[in-house]
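The values are calculated or read from the model by the stated rules, or taken from the named source; none is laboratory data. What you see is a predicted model; the values in this text were computed from it and never measured. So basically every Cβ, Gly included, is an ideal-geometry build from the backbone, and we count neighbours across all protein chains shown. Quick note on the areas: whole protein, heavy atoms, side chains included, nothing else; ligands and nucleic acids left out. Shrake-Rupley method; radii C 1.70, N 1.55, O 1.52, S 1.80 Å.
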Amino acid sequence: MVVTSPRSPVRSTVGLKAVMAVTGIVLVLFLVAHMLGNLKVFAGQPSFDHYAHWLREIGAPILPGVWFLWILRVGLLVAVLGHIAAATALARRARAARPVRYAHRRKVRGSYAARTMRWGGVIILLFVVYHLLDLTTGTLNPVGDPSRPYANVVADFAPARWYVTLFYTLAIVAVGFHLRHGLFSALRSLGQQTPRGERRARLVALLFSVALCAGYLMVPFAVLTGLVD
Ligand code: HEM
């Protein structure tokens, strides 16, 4: 049943899509910044550790201690929760608005994309929980010293722990697929609504996602192959 009661602007379909877009942009900015930061591992241990410590001191002395980091963390959490809530509401609404299920080819395609996004999102969420216990708290890391991020990263992706690299690779590929579809949808809505515009949106989304994945994957594979030690 389609609910017809008046909604707040945020809960209208356009409002929910705007929430998806704004939170998506925040998450993409984080992903790009984090990927570039990770590449500092190639500059050596002092440089990488210095960068990680600097992250904790941004804003000082105006903001005391790790305040900036916590503001960033809360912002990220709000973005993730907003993204999931808006995606869930939009998926429910699309399902409710679909009079006959799977009766048409395009609908099957649409629902396939929605399913991949949903399960991709769940995999990414599980990965982030593991990743925080691994490299932020150090609980699951062989070194596990939050003040030595370079040592944590090198210990994490050592050849003997190839399965960790495999898990990270799968998660990063999931991020890539998720990003490709999300970015494509956003660019298609914003750009020209023509086959040419759609092709261009598809290509930009693909190139961006491949570049991001490659940037992330460089670090574990550099450690695995001994390029970084
Ligand atoms: C090979 C790929 C990656 C490496 C080497 C890596 C490395 C790191 C390191 C070293 C930290 C701890 C920074 C510190 O506190 O000193 C960290 C934190 C974090 N990473 Fe990653 N990361 C990778 C991929 C990702 C991906 C794909 C995501 C998101 C989907 C992600 C999300 C986060 C988050 C949310 C934090 C916590 C930031 C904080 O609140 O302190 N990372 N990562």
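The shape of the chain comes out prolate: with a ≥ b ≥ c from the C-alpha gyration tensor, a/c is at least 1.5 and a/b beats b/c.
Dipole orientation for the chain: of the candidates MET117, PHE167, LEU179, MET117 has the Cα lying most toward the positive pole (charges on Cβ; Lys, Arg +1; Asp, Glu -1).
Give me the percent of accessible area attributable to carbon and sulfur for the chain, probe 1.4 angstrom. Could you put the intermediate results ahead of the total?
Working: 10550 of 14600 Å².
Whole-percent figure for carbon plus sulfur exposure: 72.
For the chain, the longest principal axis of the Cα atoms and the long axis of helix 13-38 meet at an angle of about 20 degrees. Taking a Cβ cut-off of under 12 Å around THR88, the surrounding Lys, Arg, Asp and Glu residues balance to a net charge of +4, with basic ones at +1 and acidic ones at -1.
What is the dipole size for the chain, taken about its Cα centre, with +1 at each Lys and Arg Cβ and -1 at each Asp and Glu Cβ, in debye to the nearest 20? Please list the in-between numbers first.
On the way: 25 positive and 7 negative charges, 409 e Å.
Dipole about the Cα centre, nearest 20: 1960 debye.
Candidates LEU55, ALA33, ALA97 compared by Cα position along the dipole of the chain: farthest toward the positive end lies ALA97, with charges placed on Cβ. Seen from PHE68, the other residues with C-beta closer than 13 Å to its C-beta sum to a net charge of +1, counting Lys and Arg as +1 and Asp and Glu as -1. Simple spin-label estimate for LEU125 and TYR163 gives 2.5 nm between the two label positions (7 Å along the Cα-to-Cβ direction from each Cα).
Between helix 105-131 and the chain there is an angle of about 20 degrees, using the helix long axis and the longest principal axis of the Cα atoms. The phi torsions of region 183-198, fed into the Karplus equation with coefficients 6.51, -1.76 and 1.60 and a -60° offset, translate into couplings of 5, 4, 4, 5, 5, 5, 5, 7, x, 5, 8, 10, x, 5, x, 5 Hz, rounded to whole numbers, with Gly and Pro shown as x.
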